[in-house]
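K.L.:
This is the structure, below, for whatever I ask next.
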Amino acid sequence: MKKRLTRFLPFLLAFTIALPGRTIPMRENQTKEPQTNETQANEATANDTLSLAAETAVLIDAASGEILYDKDADKKMYPASITKLMTILLALENGKLTDEITFSHDAVYNIEPGSAHIAILEGETLTLEQVLRAIILRSANEASNGVAEYVDGSVEAFAKHMTERAKELGCTNTNFVNANGLFDENHYTTAHDMALIMKAAIDNESFRTISNTVSYTIPATNVSGGERVLTNNFPLMSSSNAAYYQYCLGGREGYTEASGSTLVCVAEKDDVTLIAVVLQGASGVTTTEAVSLFNYGFDNFQMLSLGDNDFNMVSGGNVYVPVGATADSLTTEDGEEQENGQYSRQYFFGGTPVGTATMAATHEDNSSFSTESNQNIEAAREYSADRNNLPYILFGGAGLILFLLLLWRIIKVAKS
């Protein structure tokens, strides 16, 4: 009897394995563990790195306006000849380089004796480009007066125009009363305001070209009998000067007894442009401190390009942050959507603005995606409804009956 029973066991085992079953797919765990930065971005402490003798100074990223270093940058100071950066900017914004300027008596003689000039004569006619090159290369005071009269008819009207333009650029404590920066107690600015003015100037391609010139020749005019050769006297631009800085794109320095040494400069390295301003410094030291500011900015900060991984970014997305910082270190603030379906995004690092981007609104795509997702879910429900469990139940029941009949047959044979 045992032998007969044993003969049936393989069939029982095979039949049991063959019974239909319904496999439930394992659901993929979609919960992601929180990501942590292996490297936490540490804000560079500039005051521990730099020790400047100048009374006020600032270093900003020219692209975003981000302040990288600040030493009393909003304190009211006298600018001296760096005023002429605004003079040049307004001339470029309100005239053509080929326009001609004929110098009046007041423009030529209304300057302090011994101050910078290129000996322009009353009644002499120069092009606007020639005049601007005289200002940027030789800090010519009578040239600045000529620009003022050319743009607004008088120095007084031009000075008001300068102040208004400064406010438009975001300057908060600037007032101009002349076009050349000669001392007046009501003629003042701040390091940060001058950085904003230079930021607007360097965005002008004509200014970049003029400021980056090492030498320029003005040919003989209607009055002068010979040419004038102008050589850039800005120390950071002169390769023979100890203060020469190879990344410098241009700048201007000034000096009066009241202002001390003042300087504004732009430098570019590895596609990053920085602006340094030093006010109320010591002669011969201001240029060195400007270079120290640039080295600090280039060595302790890095550029992150956020658009590489964001297909909704139309433009921008480059942020200048401390070395070691990552995209996860940033926070954002979005502006309102415009009629063209785009909006602005401001990036912050530690609460400080570090860059902007123009984004494409995606709500229409999201709506389409949501509709498609709902349709897929509904189709899945209909599929499940059509393929109910009844066939599996009937087939399983039939199998169970066969199993019981076979078991009954085995028992009956065993008893016999």
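K.L.:
Among the residues in the stretch 285-301, are any of a type in the set (A, V, I, L, M) and in a strand (DSSP E or B)? Explain how you work it out, then say what you get.
P.N.:
Of the residues in the stretch 285-301, the ones of a type in the set (A, V, I, L, M) are 285, 290-291, 293.
Now restrict to residues that are in a strand (DSSP E or B): none.
Among the residues of the stretch 285-301, not one is of a type in the set (A, V, I, L, M) and in a strand (DSSP E or B), which makes the answer no.
K.L.:
Let me ask you something else. Would you point out the residue of the stretch 282-312, among those that are under 14 Å from TYR245 (Cα atoms), among the polar types (S, T, N, Q) and touching a residue at least 40 places away in the same chain (Cβ under 8 Å), that is surrounded by the most Cβ atoms within 10 Å (Cβ to Cβ)?
P.N.:
For the stretch 282-312, the residue satisfying everything is THR286.
K.L.:
Pick from THR221, THR256: which is touching a residue at least 60 places away in the same chain (Cβ under 8 Å), touching a Ser or Thr at 6+ places or on another chain (Cβ under 7 Å) and either farther than 26 Å from ILE120 by Cβ or surrounded by 16 or more Cβ atoms within 10 Å (Cβ to Cβ) (or both)?
P.N.:
So the residue among THR221, THR256 that is touching a residue at least 60 places away in the same chain (Cβ under 8 Å), touching a Ser or Thr at 6+ places or on another chain (Cβ under 7 Å) and either farther than 26 Å from ILE120 by Cβ or surrounded by 16 or more Cβ atoms within 10 Å (Cβ to Cβ) (or both) is THR221.
K.L.:
Among the residues in the stretch 238-258, are any closer than 20 Å to VAL58 by Cα, among the acidic types (Asp, Glu) and assigned to a strand (DSSP E or B)?
P.N.:
yes
K.L.:
Among the residues of the stretch 301-343, what is the count of those that are under 16 Å from ALA361 (Cβ atoms) and either touching a Ser or Thr at 6+ places or on another chain (Cβ under 6 Å) or of a type in the set (Asp, Glu) (or both)?
P.N.:
12
K.L.:
Going by the structure shown, is GLY181 over 19 Å from THR221 (Cα atoms) and among the small types (Gly, Ala, Ser)?
P.N.:
Yes, satisfied.
K.L.:
Looking at LYS84, LYS96, LYS76, which one is buried (at least 20 other Cβ atoms within 10 Å of the Cβ) and basic (Lys, Arg)?
P.N.:
LYS84
K.L.:
Looking at ALA41, ALA14 in this structure, which one is part of a loop (DSSP other than H, G, I, E, B) and either out of contact with any Asp or Glu (no Cβ under 8 Å at 6 or more places or on another chain) or modelled with pLDDT under 95 (or both)? Break it down into steps so the answer makes sense when it comes.
P.N.:
On the way: ALA14 fails: part of a loop (DSSP other than H, G, I, E, B).
None of the others qualify; the one that does is ALA41.
K.L.:
Step by step: first the residues of the stretch 105-127, then only those that are surrounded by 15 or more Cβ atoms within 10 Å (Cβ to Cβ) and part of a loop (DSSP other than H, G, I, E, B), then the one that is farthest from the chain's Cα centre (by Cα). Which residue is that?
P.N.:
Among them, the one singled out is GLU124.
K.L.:
When only residues in the stretch 239-255 that are at pLDDT below 95 and more than 29 Å from the chain's Cα centre (by Cα) count, which is farthest from THR102 (Cα to Cα)?
P.N.:
That would be ALA242.
K.L.:
Pick out the one residue from THR102, THR172, THR98, THR163 that is modelled with pLDDT of 95 or more and under 17 Å from VAL223 (Cβ atoms).
P.N.:
Selected residue: THR102, the only one of THR102, THR172, THR98, THR163 that is modelled with pLDDT of 95 or more and under 17 Å from VAL223 (Cβ atoms).
The values are calculated or read from the model by the stated rules, or taken from the named source; none is laboratory data. Quick caveat, the model's predicted, so the values are computed rather than measured. Note that each Cβ is placed from the backbone with ideal geometry, even for glycine, and that neighbours are counted across all protein chains shown.
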